[in-house]
Each structure stands twice: as C-alpha cells, then as structure tokens.
Amino acid sequence: MFDEQLRDSQMPKINGNEIRIGNIINHNGGLWQCMKIQHVKPGKGGAFAQVELRNLRNNSKLNERFRSADKIERVRLEQKEQQFLYEAGNALIFMDLETYEQIELPIEILGERRPFLQDGMTVKIEYYEEEALNVSLPEKVRCFIKETEPAVKGQTAASSFKPAVLENGIRVMVPPFVNIEEEVIISTENFEYVERG
C-alpha cells in the first residue's frame, strides 16, 4: 500500500492542454488511454480539450473535457519492443525481441488502429507492472492505395484532397496526384496522408 502511494506521488502531472493521443492517464481511479482529442475554443470561456478516453482494462470509453488549468496524472508505462507474429481468433500474438517469449493480447487493444498492424511489424508494448496494457504502432506506416479517383492531368496543387481507400480498408484523404497502387505514408495517430512512399 505504501509503495503504491509512493509510486502515485511520483507520477508526473501534465496540464489538460498537454495531453496527446496515446498518452496514458490515471483518471477516476482507472488507467485510460487518450484515443482522440479535439481542441475547442468557444466564443465565451476558456479553451479546452475534448478528449475521448479508453479504459485500458475493460475497454470502456469516456469523453472528458480538460482545461489547461487541470492537472492530469500521466502514467509512464514500461515499454518493450515486440514483433507481431500473427492473429489467432480474437488474439494478436507478439514475440519479445530480447527473450523470444510470446504473449497474446486481445485485438481490441489496438482499437481502430488494428488495420495498420502488419506482419512482422515491430511495435512497443507498454506494461504497467507485469500487465500489458497498450500497443504503440510506429508513427508512420507504408500502405498502398486500393481505390481512388484517377489523377487529373496538370493538377499538382495539394490543397484539394480526394478520398482514397488503402489496401487495409481504411479511408483517407490524399492529394489529387496520388493514384491506385501507389505507396503512401500514413500517420497512425490521425490516419492522415503524410507523403508518397
């Protein structure tokens, strides 16, 4: 009990506007991961971050507002690099790159980022004590365009994006010069086009 209190007192606190996608916070007695953030600046009153949180233990979701003055306990998890081996039923199988031990995690641990997990991909699995709570994908992944409108000749301006479907089924917006079967780099944080592959 004393160790737990000591550990809790050493957890770093961040301001409400410093929370980022992927951060783990200790909130309402649970460990939550930030899944989505929308910064809102209302006409009256101070700005706030509208944050969608996912409970790391039971996958429940919660929408919270954090103002910059709010102090939030950010939890630092131990990170281990592990390689994705395969999917078995509703589980993802990973291998520790140091010990070669394999662990099984539920598919839900990745949420809507699951389609970006590729065979052999090295990910960071985050542990709270011995419990695996989170999987962090690389910030950017290479994907191929499966569907999109053909490029319009002479159109080079990247200001007007067009819809596209990646080979993993995720829908993204891409510049008009990107064609079917082209390789692109996509951000796993916000599902946005970064550049050509």
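The values are calculated or read from the model by the stated rules, or taken from the named source; none is laboratory data. All values reported here derive from a predicted model rather than from experimental measurement. Note that each Cβ is placed from the backbone with ideal geometry, even for glycine, and that neighbours are counted across all protein chains shown. SASA here: full protein model, heavy atoms, side chains in, ligands and nucleic acids out. Shrake-Rupley method; radii C 1.70, N 1.55, O 1.52, S 1.80 Å.
Summary of values
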{"read-out": "Set 36/61; 41/71; 124/146; 13/80; 80/140 screened for pairs whose C-alpha atoms are more than 21 Å apart", "value": "124/146; 13/80"}
{"read-out": "Calculated [θ] (222 nm, deg cm²/dmol) that DSSP helices of n ≥ 4 give over the chain, each run adding -39,500 (n - 2.57)", "value": "-1000 deg cm²/dmol"}
{"read-out": "Radius 14 Å from Cβ of residue 165, net charge of other residues (Lys, Arg +1; Asp, Glu -1)", "value": "-2"}
{"read-out": "The chain, relative contact order in percent, only Cα pairs under 8 angstrom and at least six apart counted", "value": "13"}
{"read-out": "Value of relative contact order over segment 109-197, rounded to a whole percent, pairs C-alpha under 8 Å and six or more apart", "value": "26"}
{"read-out": "Where the chain is the region considered: accessible area per residue in Å², 1.4 Å probe", "value": "60"}
{"read-out": "Label corresponding to percent of Cα pairs over 24 Å apart when calculated from the structure given, among (1) 52; (2) 32; (3) 40", "value": "(1)"}
{"read-out": "Length released on extending from residue 121 to residue 20, taking residue separation times 0.36 nm less the Cα-Cα span", "value": "34.0 nm"}
{"read-out": "Karplus 3J(HN,Hα) series, Hz, for segment 41-55 with 6.51 cos²θ - 1.76 cosθ + 1.60 (x for Gly, Pro)", "value": "10, x, x, 10, x, x, 5, 8, 9, 8, 10, 9, 10, 10, 5"}
{"read-out": "Dimensions in Å of segment 101-155 - Rg and Dmax from alpha carbons", "value": "16.6, 56"}
